[in-house]
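See below for the structure under consideration.
The values are calculated or read from the model by the stated rules, or taken from the named source; none is laboratory data. All values derive from a computational prediction rather than experimental measurement. Cβ: placed from backbone, ideal geometry, glycine included. Neighbour counts: every protein chain shown.
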């Protein structure tokens with residue numbers, strides 16, 4: 001997606017927030033955003049409440065992994 005039209009995944013990972021301009025951070029966030037978009041599509045295409053619940057949990061867990069991944073990439077010892 002473009003900056004003017006961010007996807008759900010782009011917004012969920014804060015794709016444009018990268019104060020250090022680290023290309024590794026952008027690349028990682030982009031990967032997680034695509035995964036979240038896939039999960040969101042599965043959630044939106046289902047009428048099964050359990051599938052919707054599982055997709056929502058999976059999205060939350062991907063966001064958690066993304067945050068820890070970015071923390072690792074930006075860690076200063």
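Within the stretch 17-45, which residues are under 12 Å from residue 74 (Cβ atoms), surrounded by 15 or more Cβ atoms within 10 Å (Cβ to Cβ) and touching a residue at least 12 places away in the same chain (Cβ under 8 Å)?
Within the stretch 17-45, 25, 28, 29 meet the criteria.
Considering each residue of the stretch 1-15, count those that are in a loop (DSSP other than H, G, I, E, B) and either surrounded by fewer than 11 Cβ atoms within 10 Å (Cβ to Cβ) or at pLDDT 95 or above (or both), and give that number. Can you show your working first?
Restricting attention to the stretch 1-15, the residues satisfying the condition of being in a loop (DSSP other than H, G, I, E, B) are 1-7, 14-15.
Those left that are additionally either surrounded by fewer than 11 Cβ atoms within 10 Å (Cβ to Cβ) or at pLDDT 95 or above (or both): 2-7, 14-15.
Residues that pass the stated criteria total 8.
Which of the residues that make up the stretch 16-40 are assigned to a loop (DSSP other than H, G, I, E, B) and over 13 Å from the mean Cα position of the chain (by Cα)?
As a first pass, look at the stretch 16-40 and keep what is assigned to a loop (DSSP other than H, G, I, E, B): 16-22.
Across the stretch 16-40, the qualifying residues are 18, 19, 20, 21, 22.
I'd like the full set of residues that are without any contact (Cβ under 8 Å) to a residue 12 or more places away in the chain and surrounded by 11 or more Cβ atoms within 10 Å (Cβ to Cβ), limited to the stretch 61-72.
Result: 61, 67.
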